[in-house]
1. Scan the chain and note any complete DSSP helix (H) whose C-alpha atoms cover at least 20 Å along its axis and whose Kyte-Doolittle average is -1.0 or more.
2. With charges only on Cβ, +1 for K and R and -1 for D and E, what is the dipole size of the chain about its Cα centre, in debye, rounded to 20?
3. What's the Cα-based Rg to Rh of the range 6-118, Rh via Kirkwood?
4. What three numbers, in Å, describe the spread of the alpha carbons of the chain along their principal axes, ordered from the longest?
5. Please name which of 81, 119, 60 has its Cα lying farthest along the dipole of the chain towards the positive end, using unit charges on Cβ (Lys, Arg +1; Asp, Glu -1) and the Cα centre as origin.
6. Which value, in nm² and rounded to one decimal, describes the direction-averaged projected area of the C-alpha convex hull of the range 127-231?
7. Go ahead and run the numbers for FRET between residue 135 and residue 204, Cβ-Cβ distance against an R0 of 25 Å, rounding to 0.05.
8. Per DSSP helix of 4 or more residues, -39500 (n - 2.57); summed, then divided by the residues of the chain. What does that give at 222 nm, rounded to the nearest 500?
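Values in this text are rule-based calculations from the coordinates and carry no lab data. Nothing here was measured: the structure is a model prediction, and the numbers come from that model. Note that we place each Cβ from the backbone using ideal geometry, even for glycine, and neighbour counts take in every protein chain shown.
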Amino acid sequence: MKCLSVAEECCTVKRLDEKKINDLLRTGSISDCQKVLAEVLEEIRFNELRSMVLRLYVSTDIYLSARSFSRELGIDNEEFIRCFGGIDDIGIKMASVEGTVGFLHELLVQCVRWRIGKCRENGNCVVKNARDYIDANYMSGELSLTNVADAVGISPAYLSSLFKKETGSNLSEYITRVRIDKSKELLCCTSKLVYEIAFEVGFQDYRYFSQIFKKCTGQTPRQFQNTANLY
């Protein structure tokens, strides 16, 4: 294999495709890391670089992309450096091409792990906020996917998908469950009429409330009330 000249090596490293690295960090999976890194390094013929300075140049660019992305995720410098060392430490990992590639792969994998973890945390937070909002506003007849999404600051479609993924049920099912649970408390513990309770828990149609209540409990509201007050 013909060796690259110094000038050729300098030219080839300038073709480093940082966009592929950034796309991997933002949307790729852990299993994508090895393939994408291999493609990016192959494009600049990294394995043929004899100059440690140029290998360091490439590694530093990828390191800085990862560090910048990790900051966006909220990973502080202390944690990042604890995992990968500071920029001045990169040279220590450059003893061989294999060692350099291994270090860069580990760097990308950890950043993707951080991103996946943060997404899960954010998803849990959004769903918790949505549930809290429903718990506090179940009595409103206007409560819907759209205004819950507005309250937590994301699109209705995304909230619907996230809620289903995190809880296993649809948001509308959760709203209904909260309303039925509240109505059962009122049926057991107050002397209010069934139609009054229906409106109090957010149902605008008494007959619809009765249908939903029976579907959820196996009894009509009146039957449930009578049974609960037998003793």
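1. Membrane-span-like by this criterion, though nothing is claimed about a membrane: 52-73, 97-137, 171-189.
2. The calculated dipole for the chain is roughly 820 debye.
3. My calculation puts Rg/Rh at 0.95.
4. Sorted largest first, the three principal extents are 92, 29, 26 Å.
5. Farthest towards the positive pole: 119.
6. With every direction weighted equally, the projected area is 6.7 nm².
7. My answer for the efficiency is 0.80.
8. -23500 deg cm²/dmol
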